[in-house]
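These notes are about the structure you will find just below.
Nothing in this text is a laboratory measurement; each read-out follows from the coordinates by a stated rule. Quantities reported herein were computed from a predicted structural model and do not represent experimental measurements. Cβ atoms come from the backbone with ideal geometry, glycine included; neighbour counts cover every protein chain shown.
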Amino acid sequence: MKRVTGIGGMFFKSDNPDKLCEWYRKHLSIELNENGNATFHWRKVDDPKSKRFTVWSPFPADTDYFAPGKKTFMISFQVENLDELLAQLKREGVDVDPRVETYGYGKFGWIMDPEGNRIELWEPKT
């Protein structure tokens, strides 16, 4: 079973997300979309018809989206077969959040690594 197939996103806390985004736009040409984040589009090497993207997004410093992790960042990995992967990780003793959320663009689950980093697992809608 494949586990991680790509980086889904890089999320981090910021004291002033709007100001920070403006800095990135001005100096690195990172443009935000209507959702308030930047997306970098790519295709899978073994399936060039499969469109994918990676999200870059600062969050307000007081967000609880990364909880129970206490770090100022969270990485999202793209995966295949999220439900099966979460079940396997649980069998392996990984701290798996029982909540799974589904949206029009895919399914999301979360785990914690041994150092307390919350990790998002995203199964993109194909």
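Counting Lys and Arg as +1 and Asp and Glu as -1 over every other residue whose Cβ lies under 14 Å from the Cβ of MET112, the net charge comes to -1. Here the Karplus relation 6.51 cos²θ - 1.76 cosθ + 1.60, evaluated at θ = phi - 60°, turns the backbone of region 100-116 into coupling constants of 10, 10, 10, 10, x, 9, x, 10, 10, x, 9, 9, 10, 8, x, 9, x Hz, with x for every Gly and Pro. Taking LYS70, LYS49, LYS19 in turn, the Gaussian network model of the chain (Cα-Cα springs below 10 Å) assigns the largest fluctuation to LYS49.
How much net charge surrounds ASP15 when only other residues with a Cβ under 14 Å from its Cβ are counted (Lys, Arg +1; Asp, Glu -1)? List each step's numbers first, then the result.
On the way: positive: LYS13, LYS19; negative: ASP18, GLU22, ASP62.
Taking every other residue near ASP15 into account, the sum is -1.
Taking the C-alpha atoms only, the angle from helix 17-28 to the longest principal axis of the chain is near 80 degrees.
Counting alpha carbon pairs within less than 8 Å and at least 6 residues apart, what relative contact order, in whole percent, applies to the chain?
Details: 229 pairs, mean separation 34.7, N = 126.
So the answer I get is 28 percent.
Annotation for LYS2 and GLU115: the two label points, set 7 Å from Cα along the Cα-Cβ direction, are 2.7 nm apart. Taking amide H atoms as placed 1.01 Å from N in the peptide plane, the amide H of TYR65 has no partner under 5 Å among residues 5 or more positions away or on other chains.
Kirkwood Rh over Cα pairs of region 49-126 into Stokes-Einstein at 20 °C, 1.002 mPa s: D in µm²/s? Each step should come with its number before you reach the end.
Working: Rh = 13.4 Å.
Translational diffusion coefficient: 160 µm²/s.
Per-residue extension of 0.36 nm, minus the Cα-Cα distance of TYR103 and TYR65, leaves a gain of 12.0 nm for this segment.
Antiparallel beta bridges, as assigned by DSSP with both residues in region 1-94, represent about 70 percent of the total such bridges.
First measure r as the distance between the Cβ atoms of PHE73 and ASP47, then evaluate 1/(1 + (r/R0)^6) with R0 = 22 Å and state the FRET efficiency to the nearest 0.05. Here the calculated transfer efficiency is 0.15.
A cut-off under 12 angstrom between Cβ atoms defines the neighbours of THR39, and their net charge, with Lys, Arg +1 and Asp, Glu -1, is 0.
Taking amide H positions as modeled 1.01 Å from N, with prolines and chain starts lacking one, the residues under 5 Å from GLY6 and 5 or more places away or on another chain are GLN78.
Seen from every direction in turn and averaged, the convex hull around the alpha carbons of region 4-80 projects onto 6.2 nm².
Are there GluC sites (Glu not before Pro) in region 18-126 that DSSP marks as loop and that have at most 15 other Cβ atoms within 10 Å, and which are they?
Details: sites: GLU22, GLU31, GLU34, GLU80, GLU84, GLU92, GLU101, GLU115, GLU120; in loops: GLU31, GLU34, GLU80, GLU92, GLU115.
Sites meeting the loop and neighbour criteria: GLU31, GLU34, GLU80, GLU92, GLU115.
Based solely on its DSSP helices, what 222 nm [θ] is calculated for the chain when runs of n ≥ 4 H residues each add -39,500 (n - 2.57) and the sum is averaged over all residues, nearest 500 deg cm²/dmol?
Only helices count here, giving -5500 deg cm²/dmol.
Within the straight-line cut-off of under 21 Å between alpha carbons, the lysines reachable from LYS49 are LYS2, LYS107, LYS125, sequence neighbours fewer than 8 places apart in one chain being disregarded.
When only C-alpha pairs under 8 Å and at least 6 residues apart count, what is the relative contact order of region 22-66, in percent?
Values: 42 pairs, mean separation 11.6, N = 45.
After rounding, I find 26 percent.
Simple spin-label estimate for ASP15 and LEU28 gives 1.9 nm between the two label positions (7 Å along the Cα-to-Cβ direction from each Cα).
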